[in-house]
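S.K.: My questions will all concern the structure given below.
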Amino acid sequence: MPRLAFIIVDVQHDFLPGGALPVPEGDQVIPVINRLQPQYELVVATQDWHPPAHGSFASAHPGRQPGEVIQLNGLPQVLWPDHCVQGSYGAELARGLDTTRIARVFQKGTDPAVDSYSGFFDNGRRHDTGLADFLRQQGVQEVHVAGLATDYCVKYTALDAARLGFKTRVLLPACRGVNLHPGDVERAVAEMRAAGVDIMPA
Ligand code: VGL
Ligand code: ZN
């Protein structure tokens, strides 16, 4: 039974340079993640998978611009450019990512009314993706997390993993952040550390 799993977060075309919501240097995580994968008995991935006009898209809120924060069904929501629309090229796992070892892909962000940064739950913690049950069924006790973006989906996935009782490590050399505001990645790392997440430095 694998006790250690690797969670690859949102390595999708739209988060790479040239994509709809480009993470600076996002493409640089791909070779690092590919090199790491053989060290794990179990590899899973998450995939941001939004319907058109998802509530996190600025375009769904007339007069609003990407980067603004609104209240979306009672939760603060950063507005983003349209990204990772179900079935689009931008939503595909990046072509350069080795997917042969990925046991299962967990999709999130499918409910138009709530965003989902974590690979475990939506931001309101109402819908569960099944990732936690899957890991437990596989006997996993420890997870290593990498991918995009450090200050959003990697952070919330790692925080939920730790809260769910998995020993959790974030591999910063295999992560890049959005840094919508300067210092966002540093603050995300500090928050993860404070929550008991082990950080492999960049
Ligand atoms: C993400 C913003 C919006 C991420 C997803 O994968 O970090 N960020 N949707
Ligand atoms: Zn998204």
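S.K.: Would you mind classifying the stretch 92-131 by shape? Square roots of the alpha carbon gyration tensor eigenvalues, ordered a ≥ b ≥ c; an a/c under 1.5 is rounded, otherwise it is prolate if a/b is larger than b/c and oblate if not.
M.R.: Working: a/c = 3.51, a/b = 2.03, b/c = 1.73.
Because a/c hits 1.5 or more and a/b exceeds b/c, the stretch 92-131 counts as prolate.
S.K.: Mind checking the angle between helix 184-194 and the chain's longest principal axis? C-alpha axes, 0 to 90 degrees, to the nearest 10.
M.R.: Computed tilt is about 40 degrees.
S.K.: In deg cm²/dmol and to the nearest 500, what is the mean residue ellipticity at 222 nm of the chain if only DSSP H runs of at least 4 residues count, each as -39500 (n - 2.57), divided by the residue total?
M.R.: On the way: 4 runs with 35 residues, N = 202.
Using -39500 (n - 2.57) per qualifying helix, the result is -5000 deg cm²/dmol.
S.K.: Shifting gears a bit: Scan around Arg176 for amide H atoms under 5 Å from its own, H built in the peptide plane at 1.01 Å from N, and keep only partners 5 or more places away or cross-chain.
M.R.: Distant-sequence amide H within range of Arg176: Gly147, Thr150.
S.K.: Rounded to whole Hz and in sequence order, give me ³J(HN,Hα) for the stretch 132-137 from the Karplus expression 6.51 cos²θ - 1.76 cosθ + 1.60, θ = phi - 60°, writing x for Gly and Pro.
M.R.: 5, 4, 4, 4, 5, 4
S.K.: Could you tally the net charge around Thr168, taking each other residue with its Cβ under 12 Å from the Cβ of Thr168, Lys/Arg +1 and Asp/Glu -1? Provide the component values of the computation, followed by the final result.
M.R.: Details: positive: Lys155, Arg163, Lys167, Arg169, Arg193; negative: Glu142, Asp160, Asp198.
Summing Lys and Arg as +1 and Asp and Glu as -1 gives +2.
S.K.: Please state the relative contact order of the stretch 20-89 as a whole percent: Cα pairs under 8 Å, 6+ residues apart?
M.R.: Numbers: 68 pairs, mean separation 22.9, N = 70.
Computed over the stretch 20-89, the figure is 33 percent.
S.K.: Normalising by the residue count of the chain, find the relative contact order in percent from Cα pairs under 8 Å and 6+ residues apart. Can you show the working numbers first?
M.R.: Details: 459 pairs, mean separation 50.0, N = 202.
Once normalised by length, the contact order is 25 percent.
S.K.: Rolling a 1.4 angstrom probe over the protein heavy atoms, how many square angstrom per residue are accessible across the stretch 40-136? Please report the intermediate quantities before stating the final value.
M.R.: Numbers: 4440 Å² over 97 residues.
Normalised by residue count, the accessible surface of the stretch 40-136 is 46 Å².
S.K.: Which of the listed residues, Val143, Ser118, Pro2, is farthest toward the dipole's positive end in the chain, when Lys, Arg count +1 and Asp, Glu count -1 at the beta-carbon?
M.R.: Comparing the listed Cα positions along the dipole, Pro2 ranks first.
S.K.: Rounded, prolate or oblate: which fits the stretch 109-165 when a ≥ b ≥ c are the square roots of the eigenvalues of the alpha-carbon gyration tensor, with rounded for a/c under 1.5 and prolate only if a/b beats b/c? Walk me through the intermediate numbers first.
M.R.: On the way: a/c = 2.18, a/b = 1.31, b/c = 1.66.
Oblate shape, in that a/c is at least 1.5 and b/c is the bigger or equal ratio.
S.K.: Another one. Quick check: net charge around Ala149, other residues with Cβ under 12 Å of its Cβ, Lys/Arg +1 and Asp/Glu -1?
M.R.: -4
S.K.: Rounded, prolate or oblate: which fits the stretch 51-114, taking a ≥ b ≥ c as square roots of the Cα gyration tensor eigenvalues, rounded meaning a/c under 1.5, else prolate when a/b beats b/c?
M.R.: Numbers: a/c = 2.77, a/b = 2.11, b/c = 1.32.
Judged from the Cα gyration tensor, the stretch 51-114 comes out prolate (a/c at least 1.5, a/b above b/c).
S.K.: Something else: Can you give the Rg/Rh ratio of the chain, where Rg is from the C-alpha atoms and Rh is the Kirkwood radius?
M.R.: Working: Rg = 15.6 Å, Rh = 16.7 Å.
We get a ratio of 0.94 for the chain.
S.K.: Only Cα pairs under 8 Å and at least 6 apart count here; give the relative contact order of the stretch 114-174 as a rounded whole percent.
M.R.: On the way: 80 pairs, mean separation 21.4, N = 61.
Relative contact order of the stretch 114-174: 35 percent.
The values are calculated or read from the model by the stated rules, or taken from the named source; none is laboratory data. If you're wondering where the values come from, they're calculated on a predicted model, not measured in any experiment. Note: ideal-geometry Cβ built from the backbone for every residue, glycine included; neighbour counts use all protein chains shown. The accessibility values were calculated without ligands, DNA or RNA, using every heavy atom of the protein model including side chains. Shrake-Rupley method; radii C 1.70, N 1.55, O 1.52, S 1.80 Å.
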